[in-house]
Amino acid sequence: MTSERNSAAVLATALLVVTAPMGQHCHAADDAQKARVINDWMIQDVGKDTRKCFTAAAGCDIESRTVTAVLAETPNPKLQAELGALQSAKVPGSDPRWRALYVKACEGRRAARLAGLLKATRRIVFTKHYNMGGSHYAYTEGQSDAQSERHFKPGTALCILEMAGIYPKVTTLIEDAKGVIRDPDVSYDGKRILFSWKKSDRKDDYHLYEMDVATKKVRQLTDGLGFADYEGCYLPNGNIMFNSTRCVQIVDCWWTEVSNLYLCDKDGKYMRRVGFDQVHTNYPQVLADGRVIYTRWDYNDRGQLFPQPLFQMNIDGTAQTEYYGNNSWFPTTIGHARGIPGSDKVIAIATGHHCIQAGALIVIDVKQGRQETSGVTLVAPLVTDKKDRRYRRVDGYTGFNGHFTYPYALNEKEYVACYSATQTRRDSMNGYGIYYVRQDAARELLVDDPAISCNQPVFLIPRKVPPVRPSAVDYRKRTGEYYMQDVYFGPGLKGIPRGTAKKLRVVALDFRAAGVGSNRNRGPGGGAVVSTPVAIDNGSWDVKTVLGDAEIYPDGSAFFEVPARVPLYFQIVDAKGHVIQSMRSWSTLMPGEKFSCIGCHEAKSATSPPAGPTKAMLAGSRKLTPFYGPPRGFSFPKIIQPILNRHCTKCHNDRQGKLKGGRPALGNGGKIPASFSHCHSGDAAGALSDGREPRNSDDHSIPRFTWWSHKGSKEWVQYTFKGIERVTGVEVYWFDDRPRRGRCRVPKSWRLLYNDCGKWKPVPKAGPCGVARDKYNTVTFDPVETDALRIEVQLDRDVSSGILEWKVTRKTVSAGKPAPIVKAAPKGIKKAFSLLGETTVDRRAGRKWSDSYLMLTQRGRPNAIVNWLNVQSIPPMLPPYYAGSCKSKLMDHLRSGHNAVKLSREELDKIACWIDLCVPYCGDYFEANAWSERGMQKYTRYLDKRKRMEAVERENIKALLGSRTR
């Protein structure tokens, strides 16, 4: 495509010279832009044949077909006569008359295409900056004190595109070679431009600014080093909603800052948080009816890859709920959504997860449905067949017909958007221009810049102010109320007899401030690293607090009070204390808000079944019934371990024992202690000998050891035995993720060394050290007696390497320390696997897990005994009683009086609750940590930063209340 652009550009320049009237000269910048417009015509109309067009010394087939096609869209008798004359005379394609005719035909077509746009606006605000993003679509904050990814490439401008006839003229309002300007918005009266500006990589962050269009004066609205404020949006009540990192959180599945939605007034005062979300929210925009739509990344108790759906709220932060796709595989991410004028539909892009914010253009119509493809139509080009391969879930979006960003609709069939036909890599830094685009994919370039992308077009015109509903927020209050009419209504409890649901459990979520340590999860929804884990692999993403229970009345209704400004989710519980259905998302109320729903996961368009006042309504709102004590983070050591100590550890104290088909509790996942020259923080040396058999070299379902991100270097990993072992061979299964375009490969070469009285020596007479993929590489050698064995590798250039499993053929010569002595079981009862509270340090996770926790969870594998819901569950709604305590044999054993043990109802409820919360271990992010001093300082520093911002926010709300009384 690059060669096509270059050849078309040369022709476009020639065409511009040919068509310029004698004695007239355009401004150089305008000439260059006009040449790029012609260049784009050539790419669209001629495609791969650009170098053959207008160059033939004989014949004119290509020229004739090209001009004929242009005139077919916009007939012009005069130009058609010229075409006929050239065809009849068999004028060769290289004749300048062909070039002149082509340009005139294209100009006529362009005038027709742009007629609606030019009627709607002659001026468009846009920005110039390099393409933003990193390993994930939302990582664009570039925060000055970022914990991990900080993406910032300086060079920017804030511009106005003015259409002088059919060709553009660009006026630069602000230019900054050292900063980045982004996210313009235009006030409803068309007189002010809101934007974000970061003037330095480390000495500034994105903050909100406003320009007066008439005077060009700029004022700063927000400030504060270490906080990024961006994606600002004017609200119809005069306030501003924007995205900010002031929440001081990182994503659960990496170490990058999170942004949530905030409000301030027109001067940047009274700043306060309205989004209390687990991970990113993005790009708030106001619909014609006054609601705000925005993208929300959402993965409570489910996989993080799918989806990033659209949510909605009122302009005061109330009524936060799904708009489209929260239980969908497709679209993976809905981004840059805006309302379509004169319509209740929405224009947006459908993109991926591990990619920049660019994708296919879609129109969303919620009247047709709210999940998967039901309400989504791909446009530009229009694809109505929902079985087309373009309607599919993707992780890294690579484009089918180029990439679109930031659409702004004229109507349901005409749009202005940023577009690149060539930029399909997420690390590309330019290539986007601003285009007029039609539903059928016809397009006209409005403006581009070969050196830098043009972004985020917004019409510089007055707009109708949407209706403003009175605010339902009362900041003098600290609570809100939920009312549910009938939990049996809707698919959530499909097939469940009335009377089964007894109570509704309310669980609060607490999100991490910083990243220290990690583990992994893997399941049907995908796989991920988990930063600052509070559970073992595949366990709960976040700290959870059971606030209490609300009664579900016999008619299915419930009415209860909850804390405001706290993310909550709900579980419907039966008479045994087992969860029937769990929310796998969250909801947040603003102070004083009353929120109601008809049923459980009912469609947003569903109407209430006819009925009189429900029992809950007649009884009135009630406070939650505490869950066996005051609300506290659910801690396995504090809530579950005391139960095991009372009833189980007299027998269950064998630290070398294991469940049938399971593994012993002792150890960090590996049977042989291992050390290394380097190990990626998301991987673990314990994976080398954990006994998990790889399916192939790219197996991401099991733990692994890697030297990532060391490349081209010499590295090592070694086993240290408890005593002297007689070793005769090894089997090594290399990790190699080339099928998913990863950067780990089998090593360039490797060898085996053994410890001989403190010196590392090559093993004698070793066979070939193989580097085959998808199999064990076996090496035999003459016997050596040693206490340590080392693999030394030479990594290939520009790639790293890793190992999934390393087996050693050995026989003990002399043993090391004796096995620990454990207390004998009561007479007549066999000693069993350990349910002790003794802990083992997991260096990778930075936690001290207890024997009992590791044993019951089988180190992160949902199993028949404890069958919790894998947090990599799929996005579609799960059926009732899908997993959890209801499917766990542990509950049956305990209820049946296993070994004459009898638990109280409270104890049974606590264990069932632990399973249904997805087996959390920590009741806060500090509990059971095995952090270094540096790790402790890091977490404390960012948590203190969060607390300082929360204190500022409390003062802002206090000042807001004071302003209303004056």
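The values are calculated or read from the model by the stated rules, or taken from the named source; none is laboratory data. Just so it is clear, the model here is predicted, and its values are computed rather than measured. No Cβ is skipped: glycine too gets one built from the backbone with ideal geometry, and neighbour counts run over all protein chains shown. SASA here: full protein model, heavy atoms, side chains in, ligands and nucleic acids out. Shrake-Rupley method; radii C 1.70, N 1.55, O 1.52, S 1.80 Å.
When each of Ala472, Ala441 is tested for being over 29 Å from the mean Cα position of the chain (by Cα), open to solvent by less than 60 Å² (accessible area, probe 1.4 Å) and of a type in the set (Gly, Ala, Ser), the lone residue that passes is Ala472. Only one entry in Arg109, Arg99 is under 48 Å from the mean Cα position of the chain (by Cα) and not aromatic (Phe, Trp, Tyr), namely Arg109.
Conditions (1) in contact with a Leu (Cβ under 7 Å, 6 or more places away or on another chain); (2) closer than 27 Å to Thr625 by Cα, marked per residue:
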residue	(1), (2)
Tyr483	no, yes
Leu509	no, yes
Asn519	no, no
Thr532	no, no
Lys544	yes, yes
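Scanning region 117-140 for residues that are part of a loop (DSSP other than H, G, I, E, B) and either of a type in the set (A, V, I, L, M, F, W, C) or farther than 14 Å from Ile356 by Cβ (or both) turns up Thr121, Arg122, Met132, Ala138. Can you name the residue in region 950-964 that is surrounded by 16 or more Cβ atoms within 10 Å (Cβ to Cβ) and of a type in the set (A, V, I, L, M) and is also nearest to Arg246 (Cα to Cα) among such residues? Ranking the candidates gives Ile957 first. Residues that are of a type in the set (Lys, Arg), within 23 Å of Val458 (Cβ to Cβ) and buried (at least 22 other Cβ atoms within 10 Å of the Cβ) occur in region 283-298; there is at least one. Candidates in region 88-107 are the residues that are assigned to a loop (DSSP other than H, G, I, E, B) and out of contact with any Lys or Arg (no Cβ under 7 Å at 6 or more places or on another chain); of these, the one that is least open to solvent (accessible area, probe 1.4 Å) is Gly93. Considering only residues in region 744-773 that are in a loop (DSSP other than H, G, I, E, B) and open to solvent by 80 Å² or more (accessible area, probe 1.4 Å), the one that is farthest from Trp806 (Cα to Cα) turns out to be Cys757.
For region 666-679, state whether one or more residues are modelled with pLDDT under 80, under 30 Å from Gly629 (Cβ atoms) and buried (at least 21 other Cβ atoms within 10 Å of the Cβ). Scanning region 666-679, I find no residue that is modelled with pLDDT under 80, under 30 Å from Gly629 (Cβ atoms) and buried (at least 21 other Cβ atoms within 10 Å of the Cβ), so the answer is no. Given the structure, is Pro631 open to solvent by 30 Å² or more (accessible area, probe 1.4 Å) and without any contact (Cβ under 8 Å) to a residue 40 or more places away in the chain? For Pro631, the condition - open to solvent by 30 Å² or more (accessible area, probe 1.4 Å) and without any contact (Cβ under 8 Å) to a residue 40 or more places away in the chain - is not met.
Restricting attention to region 103-134, the residues being more than 16 Å from Gly433 (Cα to Cα) and polar (S, T, N, Q) number 1.
Here Gly142 meets each of (1) closer than 25 Å to Asp267 by Cα; (2) modelled with pLDDT of 95 or more; (3) not acidic (Asp, Glu) with one exception, condition (2). Would you check which residues across region 682-711 are assigned to a loop (DSSP other than H, G, I, E, B), in contact with a Gly (Cβ under 8 Å, 6 or more places away or on another chain) and within 20 Å of Ile536 (Cα to Cα) and list them? If the condition is that a residue be assigned to a loop (DSSP other than H, G, I, E, B), in contact with a Gly (Cβ under 8 Å, 6 or more places away or on another chain) and within 20 Å of Ile536 (Cα to Cα), then Asp683, Ala684, Asp690, His700, Ser701, Pro703, Arg704 are the ones that fit.
Yes/no matrix, rows are residues, columns are (1) in contact (Cβ under 8 Å) with a residue 12 or more places away in the chain; (2) open to solvent by 10 Å² or more (accessible area, probe 1.4 Å); (3) farther than 24 Å from Asn521 by Cα:
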residue: Pro920; (1), (2), (3): yes, no, no
residue: Gly923; (1), (2), (3): yes, yes, no
residue: Phe926; (1), (2), (3): yes, yes, no
residue: Glu933; (1), (2), (3): no, yes, yes
residue: Leu943; (1), (2), (3): yes, yes, yes
residue: Arg948; (1), (2), (3): no, yes, yes
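Evaluating Glu444 against the criteria (1) under 24 Å from Gln285 (Cβ atoms); (2) assigned to a strand (DSSP E or B) leaves one unmet condition, (1). Among the residues of region 400-422, not a single one is under 30 Å from Arg272 (Cβ atoms) and in contact with a helix residue (DSSP H, G or I) (Cβ under 9 Å, 6 or more places away or on another chain). Remark: pairs (first residue in region 157-179, under 26 Å from Val103 (Cα atoms); second residue open to solvent by 40 Å² or more (accessible area, probe 1.4 Å) and part of a loop (DSSP other than H, G, I, E, B); Cβ separation under 7 Å; 6+ apart in sequence or on different chains) = Glu162/Arg122; Met163/Arg122.
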